[in-house]
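First the structure, in the form of structure tokens, and then the observations on it.
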Amino acid sequence: MVYDYDQPSITPDRVAKALVWAKNNGSDVKELTPAQIILSQNGNENLFEQAVARVNERRERLIKNRDKFEWFLFPQRTLLFHATSVEDTAKNILRKGLYCHTRLGLNGVASLFDRAGDKEEVIQRNIQRLSDTHRNYRFVVVVQLPMLTKEGVSNLKKEGCHWTVYYVIKLPEAIGAQGYERTYDAVLPQKYILGYLDLDTMEFHQR
């Protein structure tokens, strides 16, 4: 069975098993992450530990391949990333662009790669963000937008990614987003999508 870790956190049909899972693990059900909630539905308490182990393995692979991927681990360009646990979602983004909001741009959909600071610190922060345990995603879509200075990116990060509204195109009608149970009304054109990285194979698939 394939779990979509991009789904919203808690839904009525998941409450009962989530409560049991939280109690058995000494957790507050209100603080369960999307991955924990989905894993709780399978009835196997070891699945979350297995997911954490996979994330740690991906982090180690990123560290071993840091020279190969320094172009986004220590970016000199304005790069953002969108992560998903579903490869079809990543492929769909390469073909059609990244769905988003006309008012928010990529805010809540993609995140800026860190650029400011000492090189080693920046690389370590980006590796940590790409191997975030609570999401357990495997595929990372990399987006490049027109060049901004590091200072400009630093200032914009304080406002999230709302500034990306200048690069998105409004859709004729709202549609369901890739990998999400949500509806978006805009798209970032595919010309800005560089490709996606498989964190298990360390293979980068270019658009």
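Listed residues Ala110, Ala186, Ala177; which is surrounded by 16 or more Cβ atoms within 10 Å (Cβ to Cβ), at pLDDT below 80 and touching a Phe, Trp or Tyr at 6+ places or on another chain (Cβ under 9 Å)?
Only one candidate passes the filter, namely Ala177.
Being outside the structural domain of Ala174 (by TED's automatic domain parsing) and under 18 Å from Val122 (Cα atoms) narrows it down to one residue among Arg54, Arg77, Arg59; which is it?
Selected residue: Arg59, the only one of Arg54, Arg77, Arg59 that is outside the structural domain of Ala174 (by TED's automatic domain parsing) and under 18 Å from Val122 (Cα atoms).
Against the condition surrounded by 15 or more Cβ atoms within 10 Å (Cβ to Cβ), part of a helix (DSSP H, G or I), touching a strand residue (DSSP E or B) at 6+ places or on another chain (Cβ under 8 Å) and at pLDDT below 80, how does Leu148 come out, does it pass?
Spelling it out, it is not the case that Leu148 is surrounded by 15 or more Cβ atoms within 10 Å (Cβ to Cβ), part of a helix (DSSP H, G or I), touching a strand residue (DSSP E or B) at 6+ places or on another chain (Cβ under 8 Å) and at pLDDT below 80.
The values are calculated or read from the model by the stated rules, or taken from the named source; none is laboratory data. Just so we're clear, the structure is a prediction, and the values are computed from it rather than from any experiment. Here the Cβ is made from the backbone with ideal geometry for all residues, glycine too, and neighbour counts use every protein chain on show.
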